[in-house]
Ligand SMILES: [Zn+2]
Ligand SMILES: [Zn+2]
């Protein structure tokens, strides 16, 4: 029976291939030959199809066989099962080793022979991503970005930047849902405008009060929400935006050399986050039209927002994940693999915090005291 996974190897020398974002092609780690994504797709198309068929057949026979006859891709051990991680076992077509990966793995690397491995059943049929945003920046760029990130952080303990070691670094295609739609917003505001004039020895202020109404439709294109449970949402939100002009129709040819996971949070569950963002942004847009109308005061009174959801696309986005350790604590960083935007948590040096705080806070406190004195 054909294997359920496929390796991507160099057609010239069978060395491992990896997608090189700087040239937009696949490169052989051994002989340096390069191949376009289309060439590799054409070469491996049949193997990918065979693997998809093999997986479908295996799934069917697993359904027919009695449940106690556990077949190889059920939970591998109870420990993992308890942690809520469903593991699967495959056989590497290149070296025959058993490859254990979690149930959402789309692409990985065989730890024994180093060949990039894809699991074609994970992008079969309705699981096929609509788009992929290929990696543009490599590992070297990610390490450099992290060093630069440390450099501008004034509160970072000095030993952290100089001594902490990068423990892990991995390029990951993260599953994202891209939401399209329209928000229909209807808002009312209370506004006023005052005029002052003098009559004899009196100063008269006349205030006109208005009730404003602003309504309109705000269209949304591709609001990204990550569909991966293990990815920290705050990190994923913070590395946006992605430049969608470089989105490509999905091809497994972009995967070699990176990890890729299938979504494990479906679009219905992610929709709430997209809706919240759409509603909030639409409200801000409509509110801004009222605020800029030239009234002296303007405050919102009521609002109604109706969301109409359009097409939802499934896309894989490039993210470098870096983790470092310092004083028995782990720090996680994420870098946008297209734009280089990096985000992460850092320890704060108390000493440096106070010296920074003293420099900023004392002049502010001084200024505040001066203002209060003036008013008194
Ligand atoms: Zn080669
Ligand atoms: Zn192998």
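Here, each number is a calculation from the coordinates, and none is a lab measurement. Predicted model, so just to flag it, every value in this text is computed and none were measured. So basically every Cβ, Gly included, is an ideal-geometry build from the backbone, and we count neighbours across all protein chains shown.
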Subject >> the chain: angle of helix 267-291 to the longest principal axis, Cα-based, in degrees nearest 10 >> reply: 30
**OP:** Calculate how steeply helix 139-151 sits against the longest principal axis of the alpha-carbon atoms of the chain, using the helix alpha-carbon long axis, and give the answer as 0 to 90 degrees to the nearest 10.
**Re:** 30
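Taking Cα atoms of the chain, Rg/Rh with Kirkwood Rh, to two decimals?
1.12
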**OP:** Please give the helix 350-375 orientation as an angle from the longest Cα principal axis of the chain, in degrees from 0 to 90, rounded to the nearest 10.
**Re:** 20
**OP:** Over the Cα atoms of the stretch 143-219, compute the convex hull volume and normalise it per residue, giving Å³.
**Re:** 250
Original post:
How big, in percent, is the set of alpha carbon pairs in the stretch 204-315 lying more than 22 Å apart?
Top reply: 52
Original post:
Along each of its three principal axes, how wide is the spread of alpha-carbon positions in the stretch 231-270, in whole angstrom units, largest first?
Top reply: 28, 23, 21
Original post:
DSSP beta bridges in the chain, what fraction antiparallel, as a percent rounded to 5?
Top reply: 95
Subject >> MRE, 222 nm, helices only [DSSP H, n ≥ 4, -39500 (n - 2.57), over the chain, to nearest 500] >> reply: -9500 deg cm²/dmol
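Could you work out the equivalent-ellipsoid semi-axes for the stretch 139-345, taking the square root of 5 times each eigenvalue of the Cα gyration tensor, largest first, in whole Å?
After diagonalising the Cα gyration tensor, the semi-axes are 46, 26, 13 Å.
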Subject >> Against the rule of thumb 2.2 N^0.38 Å, how large the Cα Rg of the stretch 1-45 comes out >> reply: 1.16
**OP:** Enter the per residue convex hull volume of the stretch 249-300, computed from alpha-carbon coordinates, in Å³ rounded to the nearest integer.
**Re:** 153
**OP:** Quickly work out the residue 205-to-residue 230 label distance, labels modelled 7 Å from Cα along the C-beta direction, and quote it in nm with one decimal.
**Re:** 6.2
